[in-house]
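Shown next, in structure tokens, is the structure this report addresses.
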Amino acid sequence: MALNTGKILRVNLSSGKVSKDVVSKKIAADFIGGRGYGIRYLYDEITPGIDALGEKNKLLMLNGPLAGTTAQAVSRWMTCTKSPLTGAFARSVCGADFGAWMKFAGYEILIIEGKADKPVYLHITPDTCEILDASEIWGKDTKETQEWLTQSHGKNTRSACIGPAGENLVKYAAVVSDRRTAGRGGTGAVMGSKNLKAVAITASRKLELGNPEAYTALAKEQVNIIKNNPGFLSHKEWGTTSTQDVTNAIGIYPVRNFRYGQQLNYKEIAGTEYRKLRVGDMGCYSCPARCGKVHTVPSGIYAGAHSEGPEYESIWAFTGTIESNSIEASIAADQLCDDMGLDTISTGSSIGFAYELYEKGLLKKSDTDGLELLYGKHEPMVALVTKIAKREGIGNLLAEGTMRVAAKIGHNSDVYAINVKGMELPAYEPRGAKSQGYNYVTASIGASHCYGYAAQDIFGSPEPHPTDRFSEENADVVIFNQDGTAWKECGVACTFSGGWGWMPLFGKMVAAARGIDKYSDAELAKVGERMYNLERAFNIREGFGRKHDTLPKRMLTEPLHTREAKGEGQMVTHQDEFLDKYYSLRGWTKEGIPTATKLKAMGLDFAVKDIKAK
Ligand code: SF4
């Protein structure tokens, strides 16, 4: 067996220097790949306190050991950096083919440093890496940009790029590949701050696997397990376009900026209604689920709008936030976000926040460029998406994210700013799904639904044990979900595939890809825990602590209204007790700081001095 730890391509945009390296055996053993490598390298390479949009920040693009192989749903990739939205660690996962193409070019990590003095893009092949002039594509949307790159470099090219939002440093700008986005945390703004429009890779299919025979057998076994799995078949049919049926029914679909848990007449936005406008599906490299459901609007004011999506979060972002039942408007807004390179969740949430400020008189028509932000009215919402991306008028303010907007407006508007650590909440109401809410509170990147998705609360998942979704006592479940997500994202395995029955093969597949003996379940669990502790240490070093681990005031002080669903009057009332228990189970101090003993037990001795300094 040949040892294969993964290769690194490092590009400094200030100096133009390009270099290559190989991941050490120690880092490979301790962190596996993907998000593991992301936090391990970022921790070493980022000086605490730097400006996330300054020259000293670094942008990492990472796939995993399984990328580009015949195995299914394992070619996802991600961006890691210091977030301009939160100031904390950022990891944002993306799909399509780019992760596989990184591997075909020979790389598992791209480290992008410095800042170009004019717009550029990278063109990477297995033998070369050039920094090229991007003046022809600067200003173009993400679709036009990728088409231009394919025309320029040939059909064996895949790219990841930013749109106008990233160029304009919108704090929640995304990186887009095909029609998939690394959406959360503003990693597109970091790319824009470096004057980097795109990374294009031209390569043919080629892989280096440590033990190809063993890997091929495992990949076949994986396919056989997945193909008849009910979770897989359901996801293939619907993607996430019907999740709103579940969340509305149980009263956790956030409506009117998180005041209600159920939308009036929600059957108008049911999965079956989206199904009527579906015209196709799209997916990621080597994944038969093709869960991106493509929709086209046939008529009306949004006629011709066409999107790979919206998926659940984006459906919510452009319906629930302003209580609109217009499927057509949600498709139009979703398309705009993909074109402009915006995170749909933070975009929709910022718009929902603006509607509430307008209702409360804290924004007036003279502040909103004449737009009337009235609940149910979707035309202003769609107009705001473009304004945010271009930082036009009121869009320039909303481009900063809800936390900064509230700080600027004052008048207690922070009560309506629904974020954790500056990251806007996704589409699950914490008061009706409290383990999900506490995942938002303690997730390293801010309020992410998929950092430790509480399927126990939402779908009744029985592992590690069932939960009462109104209980605030399930710190062990939150940790189980977070650490489990972490090790899977070393693959990079798609989070959806975690329920398709093949996860017992994951450690064996990683070992075969790397050319080592095995990864036991216990070792995988320890890798996940190690990653989580290092991410926490990164954030502590940046000045975060217990006081930042909190849900928005609304969840702590206002009862949830669920209309016809169960959960009326629910609030989060035991956050302090939860944090005490969570920190204790994690082996952290009462202030939420990993202890030296814990860090050493995780093999993170190098982080002890940083934590002691705090
Ligand atoms: S399930 Fe969907 S998101 Fe996941 S890898 Fe497959 S196509 Fe991509």
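FYI, it's all coordinate maths here, none of it is from the lab. Since we're looking at a predicted model, the values are computed, not measured. We place every Cβ from the backbone using ideal geometry, glycine too, and count neighbours over all the protein chains shown.
Is region 41-165 best put as rounded, prolate or oblate by its Cα gyration tensor, with a ≥ b ≥ c the root eigenvalues, rounded for a/c under 1.5, and otherwise prolate when a/b is larger than b/c, oblate when not?
Details: a/c = 1.72, a/b = 1.14, b/c = 1.51.
Cα axes put region 41-165 in the oblate bin.
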Relative packing of 435-445, 283-293, 603-613, which averages over residues the other C-beta atoms within 10 Å, highest first: 435-445, 283-293, 603-613
Region 125-184-region 511-525 distance, computed between alpha-carbon centres (Å): 35 Å
Centroid-to-centroid separation of region 190-255 and region 568-599 [C-alpha atoms, Å]: 32 Å
Karplus-derived 3J(HN,Hα), 6.51/-1.76/1.60, for each residue of region 24-41, Hz, glycine and proline x: 6, 4, 5, 5, 4, 5, 7, 10, 6, x, x, 4, x, 5, x, 6, 5, 6
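Which of the pairs Lys197/Lys293; Lys267/Lys360; Lys155/Lys236; Lys206/Lys488; Lys171/Lys421 have their Cα atoms more than 19 Å apart in this structure?
Numbers: Lys197/Lys293 27 Å; Lys267/Lys360 29 Å; Lys155/Lys236 27 Å; Lys206/Lys488 24 Å; Lys171/Lys421 13 Å.
Those over the limit are Lys197/Lys293; Lys267/Lys360; Lys155/Lys236; Lys206/Lys488.
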Size of charge dipole - region 514-614 - debye, nearest 20, with Cβ of Lys, Arg +1 and Asp, Glu -1, no other charges: 340 debye
Exceeding the 31 Å Cα-Cα cut-off - candidates Lys227/Lys434; Lys115/Lys377; Lys518/Lys612; Lys7/Lys143: Lys227/Lys434; Lys115/Lys377; Lys518/Lys612
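About its Cα centre, how strong a charge dipole does the chain have in debye, to the nearest 20, once Lys and Arg get +1 and Asp and Glu get -1 at the Cβ?
On the way: 74 positive and 71 negative charges, 226 e Å.
I would put it at about 1080 debye.
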Using θ = phi - 60° and Karplus 6.51 cos²θ - 1.76 cosθ + 1.60, couplings along region 344-350 (whole Hz; Gly, Pro as x): 5, 5, 5, 5, x, 5, 5
Listed residue (Leu59, Ala427, Ala447) projecting farthest to the positive dipole end of the chain, Cβ model: Leu59
Distribution of pairwise C-alpha distances over region 501-614, 10 Å bins, in %: 12, 30, 24, 24, 10, 1
Rg over Rh [alpha-carbon atoms, Kirkwood Rh] for region 73-122: 1.01
Translational D in µm²/s for region 377-480 (Stokes-Einstein at 25 °C, 0.890 mPa s, Kirkwood Rh from C-alpha pairs): 160 µm²/s
Computed magnitude of the charge dipole of region 181-274 (debye, nearest 20; Cβ of K, R +1, Cβ of D, E -1): 400 debye
Translational diffusion coefficient (Stokes-Einstein; Kirkwood radius from C-alpha pairs) of the chain at 25 °C, 0.890 mPa s, in µm²/s: 102 µm²/s
Translational D in µm²/s for region 79-235 (Stokes-Einstein at 20 °C, 1.002 mPa s, Kirkwood Rh from C-alpha pairs): 127 µm²/s
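Mind ranking 479-487, 369-377, 32-40 by how tightly packed they are, going by the mean number of other C-beta atoms within 10 angstrom, highest first? Please list the in-between numbers first.
Details: 479-487: 24.1, 369-377: 14.8, 32-40: 28.2.
Peptide ranking by packing, descending: 32-40, 479-487, 369-377.
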Under 5 Å, built H, 5+ apart or other chain: amide partners of Ala96: Cys284, Tyr285
